[in-house]
């Protein structure tokens, strides 16, 4: 049995929807259990209200210690200037004890993102996120080109071989497209299949 964690932060619900699609794809693989959790919020309630943030999200709040109990962790984050959001950075900065004990070495790590614009940092955010995963000794996995949604040219779409992605628009008005959600499901299933193979060889 493989255990997969989809761990995300979402301001307006875009990454939350993508996380659900990633989990759906992973659950399609036999003998796989999937949990969806989110990192703690850092902004005060009055700021969230002024931003019209989506504060009603059903995923439970994760603790850094949770990460060692999974075979694969798929991280979801909005982009902040080509990097992960502060909430995710704050959470990962609290994983020092896991790092010192080597608890995440050999686990699969993967990333999906949301940006406000087409060129708002999808790939840069994922690759900059990889630095932390490499320090933890994780096995980085993206989305191979066997995923047909990566090569669609008939519509504006997020996602790359580095990971699934969605475009939210600057005001959060655009929701994940069917193709973006399909790429997210592909990513989840791909990771789950690889995790199962690693478990079988363990």
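In Å and from the alpha-carbon atoms only, list the Rg and Dmax of the range 2-201.
15.7, 51
Mind jotting down the three principal axis lengths of the range 1-103 based on Cα atoms? Whole angstrom, largest first.
Principal extents (Cα only, largest first): 44, 34, 25 Å.
What is the percent of Cα-Cα separations in the range 75-138 that go past 14 Å?
Working: 1103 of 2016 pairs.
Here the tail beyond 14 Å accounts for 55 percent of pairs.
Roughly how many whole Å is it from the C-alpha centroid of the range 102-138 to that of the range 27-84?
For the range 102-138 versus the range 27-84, the Cα centre distance is 14 Å.
Give me D for the range 44-152 in µm² s⁻¹, whole number, from Stokes-Einstein with Rh from the Kirkwood sum over alpha-carbon pairs, 37 °C and 0.692 mPa s. All intermediate terms of the calculation are to be shown ahead of the outcome.
On the way: Rh = 15.5 Å.
Value of D from the Cα-based Kirkwood radius: 212 µm²/s.
Out of the DSSP beta bridges found with both residues in the range 2-201, what percent are antiparallel (nearest 5)? Display every interim value, and only then the final one.
Values: 3 of 28 bridges.
In the range 2-201, DSSP labels about 10 percent of beta bridges as antiparallel.
Where a number appears in this text, it was derived from the coordinates with a stated rule and is not lab data. Computed from a predicted structure; not experimentally measured.
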